[in-house]
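Following: one structure in structure tokens, then a few remarks.
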Amino acid sequence: MMENHRRRWGAGRSTGLLGILMLGALASSALGAGPSLKRLDPPGAQRGTAFTLTLVGRHLQAAEIVSDLPGTFTPLTSSAQGASAGKAEEKRPFLVELPGETPVGLYTLRLRSPAGLSNALLFSVGALPEVSEEESRQPVHRALNNSVDGSQALQLPATVNGTLAGPDRDVYRFEGRKGQRLVIEVEARRAGSALDPVIRLLTSEKKQIAISNDTHGLGVDCRLDVSLPESGRYYLMVHDARFSEQEQNFYRLKIGEFAYAAGLFPLGGRRGEKVPVRLVGGNLGKSMELTVDLSRVAPAADFATVPVPGSPGSLPLLFAVADLPETMEPDGAAVASLEPGTVVNGRIESPGEVDRYRLAVNPGEEWMIRLEAGGLGTSRLFGRLTAYDAEGNRLASAGDDIPEVAVFSAVLRGLRTSSDPFLRVKVPEGVRELLVAVEDLVERGGPLFGYRLMARRQAADFVLSLATPYLNIPAEGTAAVEVDIQRRGYLGEIQLGIPDAGEDLVVEGGLVPTASLVQGERARSGSGLLTVTARKGAAPRLRELSVWGEAVLEDGTRLRRRARGPGLITQVRSSRGTGRPDPNNRDDQSPFVAHWLGMELPAMVSDSPLAALKVEGPETIRLVQGMQTQLPWKFESAVPGLRPPERVVANSPGSREVNTRVGEVGAKYISEGWLRIGTTVGTPVLKFNLVLSGPLDVDGAPATVYSRVMTVDVVPGYRLSLAGEGIGLTPGGGGELLGRVEREPAFKQPVSIRPENFPLGVSCPPLEVPADEDVFRVECRAEDSAAPGEYEFEITSSSVLAGREKEKVPYSIAPVRSKIVVSAGEDTASILPIKR
């Protein structure tokens with residue numbers, strides 16, 4: 001029996017190992033794929049009941065359940081467990097008994113076996129009696145309730161577990177009485193389904209009297225709150241907004257007289273504290289106050305959950321959690337004080353309202369001012385931030401631009417959350433106070449338009465999110481972790497790492513190169529890649545890793561940021577069937593992530609070896625701008641019968657200016673080839689990581705094989721160094737400046753040196769540095785008419801690209817600056833340390 005656990009992800013949970021239940025005998029194999037979960041049947045259940053939960057997936061036989069779902073699990077026998085393990089869809093049924101006091105909410109369930117860790121799925125615990133859609137229970141799909149005439153009867157209250165596929169419309173009927181107030185809610189995307197549900201309420205005459213397609217606070221899920229106009233029969237129709245085909249296509253339709261709130265205020269609080277919160281809207285009758293206890297929220301969690309008092313039914317509300325001091329916007333103040341490093345919880349109470357804050361600053365300081373609102377998913381505010389000086393001059397603004405019509409419409413409809421704005425302000429001379437204004441871009445307002453505002457003396461920042469929800473590391477093998485990066489003004493290098501990896505894991509890569517473009521105050525996207533390799537003898541255990549990024553600002557400030565985990569990822573097929581959202585199509589949506597679960601990176605070292613891509617060459621590749629290199633690679637595996645990948649690709653996040661191409665031998669399954677890395681003369685100087693990867697079929701399940709991390713360092717062909725600070729001249733005299741051409745070993749070309757922008761009356765002729773020499777002398781002479789003074793001049797250089805002499809491709813580097821000092825007869829050697 002599994003130990004009872006009462007913790008929920010995001011609700012003050014611990015991030016340690018959760019409850020574990022054996023599914024079968026643990027057995028090691030020479031090579032085996034880890035378990036994978038396709039669906040949970042049913043996706044939810046009523047608390048205080050016993051029910052059969054069927055896990056559907058692959059490689060389930062030698063696996064354990066890892067879950068925070070309270071209750072007991074008893075394995076049941078089944079006559080339909082699929083073909084041999086891993087070769088077909090498997091089903092494993094369990095009798096699950098939930099305690100009656102189990103909180104309504106979402107719980108995680110995943111599997112682990114000696115071969116690895118599965119993906120996580122969400123299981124919903126409700127308070128209403130549960131019913132299954134009859135159509136979805138058929139072994140072979142038959143349209144049973146796709147019309148009013150074929151509708152399925154319901155006895156209220158009820159939660160219906162159903163599925164939708166393509167043009168499917170599920171219709172249910174129930175008997176209602178005049179004046180009866182019902183809450184009708186669809187729980188789909190919030191629970192990990194890819195559906196975008198729509199609900200329609202029809203009378204007995206088939207007349208539509210209510211419709212809901214996206215409800216604030218529910219994302220793309222929807223809710224109706226209706227009072228029935230007459231006694232009699234009513235029909236409920238549920239369908240996908242785009243009639244799409246989705247792999248995760250389940251929904252939970254709740255119908256009853258249960259309580260719900262439309263929102264809450266404030267939107268968040270400080271970790272470790274007890275925060276007074278007011279629930280607003282919904283069917284509570286009036287605003288209701290309660291206290292949210294954040295004393296047990298895990299360090300990595302960004303959210304807690306707030307249950308709605310009263311008759312249970314709806315899922316808890318999300319409540320943001322941070323570590324800074326918090327305060328409330330003062331009532332009635334025309335201008336409030338904004339204290340650095342403190343979160344201000346405010347609200348745009350009415351349409352057209354502008355909240356203003358006063359921030360004390362000093363000239364020359366750099367500040368980051370950030371707003372959280374629509375991006376939290378709990379506010380309708382499409383935020384706009386503006387900073388003014390005391391005289392009303394605008395210094396900076398963000399959130400001014402209305403996105404493309406399709407995207408903006410999707411935000412207003414709730415299909416997408418808005419991207420909350422941030423400001424970077426460098427305080428001008430004479431300014432000692434900033435006036436910060438917060439408003440809705442389209443001048444809306446009301447109880448649901450809350451925000452969180454914070455200011456910090458800091459030049460720039462960045463935010464990290466994991467694109468890898470969990471990690472399986474083969475025995476003595478390598479797995480990769482992808483990290484998404486949002487740059488908030490910081491464009492320099494970022495080094496990713498996993499400090500808590502332990503001695504049995506080797507972490508490599510993680511170098512995110514400098515961003516080459518500036519896009520104003522908008523967050524610029526990027527990505528980074530880490531590899532994790534299991535040392536020989538690494539323990540096959542479940543662990544949770546933390547990914548961090550470090551960077552140094554120009555002023556020496558060191559930034560260290562933790563990457564937020566996605567919890568789980570549900571791919572949402574686009575209207576074009578590509579799995580990627582189209583920014584110009586309002587119906588296309590991003591993948592669903594559950595970062596509010598508070599997970600970081602669950603990881604496990606398996607007991608099974610896999611394979612490797614071996615690259616012959618150095619770990620660090622120095623590549624001159626405009627040149628290319630080629631390295632051979634080979635697929636190696638000690639596992640009999642394991643086919644090589646059908647393709648091999650080069651992964652080099654953040655290096656779009658570099659061309660990486662993988663050559664293949666030509667067979668369908670390739671075991672060797674070459675990697676070509678090419679640059680142009682316009683490729684900027686940068687350093688980045690490169691990893692090869694290829695897809696494998698392991699016992700019928702997909703896997704990925706990786707190479708070691710290589711570091712590519714794109715460098716100039718040569719550099720110019722000067723021996724002194726400049727040249728000292730007297731009228732009618734001469735002087736020289738010693739220099740050196742420091743060439744890369746691969747660059748053996750003559751270099752032309754040309755001084756430029758020297759003052760009137762001074763001449764410095766060009767010179768040539770032969771390929772077999774490196775020292776040069778810049779000789780200058782001043783005419784009698786040369787005016788005394790100190791002047792800056794440039795030393796430019798040019799050459800031809802090494803290895804392409806026949807094409808004579810020109811090549812040059814940035815000029816080097818130096819000084820010329822013309823004195824009126826003084827010994828300038830005492831001014832500039834140079835040879836006369």
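Within the accessible area of the range 450-553, what % is carbon and sulfur when the probe is 1.4 Å and the other protein chains stay in place? The computed percentage sits at 46.
Residues in the range 191-198 carry Karplus couplings, in order, of 9, x, 7, 8, 6, 10, x, 10 Hz; the curve used is 6.51 cos²θ - 1.76 cosθ + 1.60 with θ = phi - 60°, and Gly or Pro positions show x. For the range 74-215, the carbon plus sulfur part of the accessible surface works out to 50%, probe radius 1.4 Å. Distant-in-sequence amide contacts of residue 63, defined by a placed amide H-H separation under 5 Å and a gap of 5 or more residues or a different chain, comprise 23, 24.
Could you list, in their original order, any pairs among 687/819; 178/206; 748/806 whose Cα atoms are separated by more than 23 Å?
Working: 687/819 32 Å; 178/206 17 Å; 748/806 14 Å.
Result: 687/819 exceed 23 Å.
Rolling a 1.4 Å probe over the protein heavy atoms of the range 292-367, with every protein chain left in place, gives an accessible area that is 50 percent carbon and sulfur. For the chain, the solvent-accessible area with a 1.4 angstrom probe is 43 square angstrom per residue. Cross-link reach is defined here as a Cα-Cα straight distance under 26 Å, omitting same-chain residues fewer than 8 places apart; for residue 274 the lysines meeting it are 286. With a cut-off of 9 Å between beta carbons, the residues surrounding residue 164 carry a summed charge of -2, where Lys and Arg count +1 and Asp and Glu -1.
Straight-distance candidates among the lysines for linking to residue 634, with alpha-carbon spacing under 23 Å and chain neighbours fewer than 8 residues away dropped: 536, 614, 668.
Given axes a ≥ b ≥ c from the Cα gyration tensor, I'd like to know whether the range 144-278 is rounded (a/c under 1.5), prolate (a/b larger than b/c) or oblate. Verdict is oblate for the range 144-278.
The values are calculated or read from the model by the stated rules, or taken from the named source; none is laboratory data. Values in this document were obtained by computation on a predicted structure and should not be read as measured data. All Cβ positions, even for glycine, are placed from backbone atoms using ideal geometry, and neighbour counts span all protein chains on display. Just the protein is used for accessible areas: all its heavy atoms, side chains included, with ligands, DNA and RNA removed. Shrake-Rupley method; radii C 1.70, N 1.55, O 1.52, S 1.80 Å.
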